[in-house]
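Novice: My structure is below; once you've seen it, I'll send some questions.
What follows draws every value from the coordinates through simple rules; no lab data is involved. Bear in mind the structure is a predicted one, so any value in this text is a computation, not a measurement. Cβ atoms come from the backbone with ideal geometry, glycine included; neighbour counts cover every protein chain shown.
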Amino acid sequence: MEKIDTLEFESPINLEGSWGERNIAKASKSTMDLYMSDDDRMSAFIEWDIPDLDMTEGIGLVFEHSADGSRRVLVDYDGVMTLPDQAMDLLERHGIDCAEMRETMAD
């Protein structure tokens, strides 16, 4: 996997589980590093680092080609309960279609 991009931001941080959600920081600085496979670029992962909380999360990502084959579409993720908007912002900077995932997350 090759590091493609980095996004730095500040946001609230929540712990999530089957039991629900609990806020653990009102605003904390985060860094998301995007890594993509060198071969087919149909899989990727984000390393999400939150230094102030001594936390790192790995987010696995899976893409499919759009129906017309012109772009990659985010179809699945793993490692976190809810995919952060910032992760989708980072992917969209690289032409990955996250529209359906954003719609699903809004429900």
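Novice: Taking only segment 61-90 into account, find how many residues are touching a Cys at 6+ places or on another chain (Cβ under 8 Å) and under 25 Å from ASN23 (Cα atoms).
Specialist: Of the residues in that region, 1 qualify.
Novice: Just the residues that are under 17 Å from ILE59 (Cα atoms) and not charged (D, E, K, R), please, taken from segment 86-103.
Specialist: Passing the criteria: GLN86, ALA87, MET88, LEU90, LEU91, HIS94, ILE96, CYS98, MET101.
Novice: Every residue in segment 66-103 that is of a type outside the set (D, E, K, R), exposed (fewer than 11 other Cβ atoms within 10 Å of the Cβ) and part of a helix (DSSP H, G or I), please.
Specialist: Correct list: empty.
Novice: If you don't mind, another one. Can you pull out the residues in segment 8-64 that are of a type in the set (Ser, Thr, Tyr) and over 18 Å from LEU90 (Cβ atoms)?
Specialist: SER18
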